[in-house]
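Take a look at the structure below.
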C-alpha cells in the first residue's frame, strides 16, 4: 500500500523535524522581550524601575556598609568620621538591651530558655508533616505559658488565702456541675439528690455571706469566714457524692467527661502549686523586662488569650440567644471601633479605677489585659468567618445525630472552622505583633520603645544613632512578620487543597 | 395524625429538657452576670473616684484650658475651653484622615495595578513595596518619616524657596494664604450649584441613553459645571481674593499658610502604610472579575476603554469597596498614633486635657464616643453600599 | 474545657492582683512587704536615671533611698517604677507606687484636687529656656515668634502659654509625650527653644551631641517647687516622708555628714543628741526606731551631700546651690527642729 503513489499527490508520512522556537521567544532574551521590553512604553518603564531599584539598593548598601562605622567604644567613633553612615558599634553595645531590656545579666539564661523552647515547639507545630500535633498544641497553650511565667517572673507567687478559697470553691462547684452535665440535667438530678441538696445549701450560705458579715476564724495561715468554711465543707461532701456516683457508671460518654474533668481539676491544682512553689529563682519584676522580650510576651499572651475568648465571642455572635448575641455584638464592635492606643490608655489609666479598692495591677499586666481584649474582638471576627464557611449541612447532620450544642461545636464545627482560619489567625498575630509597638506610648519598653529610649544615652548620641536604631528595629520586625506572612500563605495553599474540587 | 403522635409522647416534658426554658434560663443567668460585672465596675470606679474627691461630670469641659495648640483649624487660644481644645483635636484628626485617605487611595490603586503589570520589573517593585511596608510596624514608620522630614531639611532661615510662593524647611511647608474678600460666599454657592447641576445632567444623560441609545458626555459636562461655575462667579466678582505672603521674621515665617512637618510625616506614613493594604485589595478586586466578562464585552462590540469602564471596574468595585472602607476606618483609627510625634489629634489633645484636668474617665469616654460614632457611620455607609451593589439575580 | 480554663485565668488574675492589695496604711504595708515602691523619672540625668544594668542614680532617687534607710536601715530596699509625666499621678492614686519622687511641681490644684499631698520642697526650681548659641538670643523676651518644644501634661506647658501671653509674644508650641522625644525634636531643629525646669535643662543639655553649642537663658518664668508626693489621708506615711526630708536638711544644718555621723553619736550637743536618737523618743511618733535620722545620714548623707553628689559642681551638671542653699546661707532650705 505504502509503495503505491497516492492519487492526491505527495503526503507526508512522518513528522517534520521539530524546529527550535524562535530565538526571541525563549531563553533569557525571549523572557526579557516578553516581560521587560514588549513595547516602547514598557521598555521605558523597565529602565526607570530598574534604575529606581538600583538607586535605593545602592543607597542602603552605601549607608550601611561602605560608609558605615563598624568598630568603636562610644559615640566618638561615629562622630569622628565626617559624613559617616550607620553607627554599628552602638548596635553591638546595645543589642543585649534590645533583646532583654533591663533583665538582670546573670538571670538572662531564663529568657534564653523560654526563647529556645518556644522556638522549637513552635517550629515543630508549624511543620505539618510532624506528628503529635495535639500534644504539641497542649504544650504550647498550657505548659509553655506556665513555664515562661514561672521562669520569667521567678514564680513563688503569694496567693492570698481568699484567692485559694475562691479557686477551691469553683473547683468543688464544678465537680457537681460537670458530671451532672455529662448525664443530662434531668437524669443527673434524679440520681444525685444528696449531692445537689448539699451543694444548694453551700451556695446559699455563700451567697448570704456576701451580704451579711460572718465571724472569722483563723485557718490555713489566714482568716476565713465561718460561712466560707461551711460552704467549702458542704461542697466537698457534695463532690464526694457525685464523684462516687459517677465512678460506678458504665456510660462511656459520662465516664470520659468525668475523666476529662478529673484531668482538668488536677491540672488546675498543678498550676496553682507550680506558680506558688519556690524554685529558688530570683524574682524579676516586669519593670525590668524590655526589648524583644516584652514584644514577644505581649504578642504571644495577646494571641493565646484572644483565641479562646475570640471563639466564645464568635459563637456568641452566632448564638440564637438574644442576650448572648447582643452582648457579643456590642463587645466586638466596641473594641473594633476604637483605636488600640485608646484601649491601652484605658487599660493603663482606668483599669485601676475599675478594681476594688487596694487591688492593683502590674503595668505590663494591664497592657496585656488591654491587648487581649482588643485582639479577642478581632479574633472573634476571624473565627466567625470560619464558622460561616462551614456548610449548613454539617450543622444539620450533627443535630440529626442528636449531638448537643457544645458537642456539635466541639466535635464537628470548630475543628473544621478553625482549620480554615489558621491563615487568618496567623495574620491576626502579625498585626498584633506589629501593634505591640504601641505599648511604648503607655511607657512600657518594647523593642521599639527601648531602641527609642537608647537614643538619649549620652554615650551614644550621634547624628546616625537614630537612623541606625530605626534600621535595626525595622529589620527585626520585618524578618519576624515576613516569615510569618509566608507561613500563612503556605498554610493557605496547603489547606485550600482540602476544599477545592479536583477532577470530576 | 398529630393526635397519634401526641399520645405516643410522654405527657409531661421536663422543664430541664425544654429548649425554650433552658435557653431562657441561660440568658437570664448570663444577663445577671453581665449586669453584676457592670455594677461592680461602676461601683468600684465611683468609690475610687470618691476617695480622690472626684466624680464623673463633664462640667470641666467649660473651664479655661490654659495651653496652646500648634495646629488650629478653628480659632483657639490659651483662653479657650477644654471643649474647644478637644474639638480642635477632633478636626485635626479629620484633616489627617481626609488627606491620608485621599493619598492612600491614589498610591494604593497605582501599586495594585502595578502588581498586575505584565512588566516584570514594575510588578516586582510593587510586590517589594507591599511586602516591605506591610511587615513593618506603623509606629516605626511614623518615627522614620518624622526623622526623614526633619533631619535633611534646613532651618527656616535657609529654607528651600519655591519662587517666593512656598518655603520648605524643618518648620514645615509655608505657603500663600488665601484671604477671601467680600462676596466670596457666592463662589461657594456656585460650587454647590455646579455639583447639583452635574448630578442632574448625569441623571438626564443616563435616562436619555436608556430611552434613545444616544450617548452624552456627562462626565465632561459635569466637570465643566463644577469647575466652570465657581470660576465664572469668581471672575464676575472681580477676583475677590488677596494673598498673604509668608515673610521670614526673627525665628520663623510670619503669615502665610503652614503645613506642619508633623502633619507631613503623619500623612506620609499613614498613606504609604495603608496603601500597601489597599494595593492588595485592588489587585484581588480586579482579579476577581473573570476574564470571560472582558471577552463577553468584546464580543458585544465594546472597545477596551468602555469595557474597562462599564464592565470590569463596576464589578471590581463591588469586591473592592467593602474592604476599602474598612481600610479607611483603619487609617482613621491609626491616625491616633499622632500622639507619638506631637501632632495634636483627638487622642493627643485628650491626653493633654486629661493631664491638665485629671479627668481620665471623662476623656476616655469622649474618645470612645467619637471613634465609635465614626465606625458606626462608616459601617452604615458600607451596609447601604452593599445593599445597593448587591447582585440582583433574575 | 474552655470555660473552665477561663475560670482559672480569672482566679490567677485575681491572685496576682491580690498580691499587692493594700489594706492598712502605707507605712504598715511598706514595712510588711519589706521595700518601698518609688515612682521616679527614668530619663533625667541628675534626678533619676537608670544605667544599662538598671542601677538608678539621681537626686530624687536618693530621696527614696533616704526614706528606705529611715524605715529599714537599708537604702537598697527600694524598687523603682519609671514613670512619665502623664502616668505619675495615676500611679500614685492607684497605689501602684508608695512614693512619687519625680521632679513634681507642687501646685494648689495638684495638692487639693488630685487626692495627693506634697511632703515638702526638696528642690526649688523654675522654668527656663535653652536655645542654640548660634541664634544669638540672650533674653527670653527676644523669643517672639519662636517654636518651642516642651512636654505635655506638665505645668511647663501652662506657664509657657501664660508667659508669652503676658509679654504679648507669639510662639508655636510643639508638645511631646516624653522628654526624650522633646530633646530629639529640639536636636533635629524642629524648635528654636527647649523649655522645662531649669535643672532639667542642665541635665538634658548633657544628652545633646554638642552641649556647648547651647545656652540656657537667665530668665526663670515660674516657681517650680519640686517635692515628693504621697497619697492624701495617710498621715503616718506622710510624716515619715516629710521628716525624712527635714532630717536631711537638719543634718546639714547641724554639720552631720555621712562620714562623721558615727562620731556624732557621742556628741554632747543636745540638738545633735536628739538627732541621732540619744535623747528623747522621737522615733516613736513616726513609728520608727529612735536613730532613724542617723540611719538616713549614714546611708545616703545629708541634703548637701546628696545635692553635691548628683547635681553639684563635682558632676557634669554643675548646678549651683542657689535657692537650694540652707536658710542660714541665703537659700530657702529650712527645716523645723527635731524636738
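Here, each number is a calculation from the coordinates, and none is a lab measurement. Not measured: the values here are computed from a predicted model. Counting neighbours? That spans all protein chains shown, and the Cβs are built from the backbone with ideal geometry, glycine included.
Quick look at the values:
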| read-out | value |
| --- | --- |
| Burial order of peptide ranges B:376-383, C:283-290 (average beta-carbon count within 10 Å, highest first) | C:283-290, B:376-383 |
| Relative contact order %, chain C, counting alpha carbon pairs below 8 Å whose residues are six or more apart | 20 |
| Extension gain from residue B:51 to residue B:309, taking 0.36 nm per residue of separation minus the Cα-Cα distance | 86.3 nm |
| Within chain C, helix-based [θ] at 222 nm, where runs of 4 or more DSSP H residues each add -39,500 (n - 2.57), nearest 500 | -11500 deg cm²/dmol |
| Shielding by partners, peptide A:443-456 (average Cβ within 10 angstrom, other chains) | 4 |
| Over chain B, relative contact order from alpha-carbon pairs under 8 Å, at least 6 apart, % | 21 |
| DSSP beta bridge pairing in chain C, given as percent antiparallel to the nearest 5 | 55 |
| Per-residue mean of C-beta atoms belonging to partner chains within 10 Å, peptide B:46-59 | 3 |
| Contact order normalised by residue count of the range A:415-504, Cα under 8 Å, 6+ apart, percent | 41 |
| Fraction of antiparallel bridges per DSSP, the range C:131-246 only, in percent to nearest 5 | 25 |
| DSSP beta bridge pairing in the protein assembly as shown, given as percent antiparallel to the nearest 5 | 70 |
| Residue-averaged [θ]222 nm for chain B, counting only DSSP H segments that reach four residues, each worth -39500 (n - 2.57) | -22000 deg cm²/dmol |
| Whether chain B is rounded, prolate or oblate, judged on the alpha carbon gyration tensor where a/c under 1.5 counts as rounded | oblate |
| Which of C:303, B:186, A:132 has the fewest Cβ neighbours within 10 Å, and the rest in rising order | A:132, B:186, C:303 |
| Inter-chain Cβ neighbour average for residues A:21-31, partner chain, 10 Å | 0 |
| Neighbour-count order for C:188, A:435, fewest beta carbons within 10 angstrom listed first | C:188, A:435 |
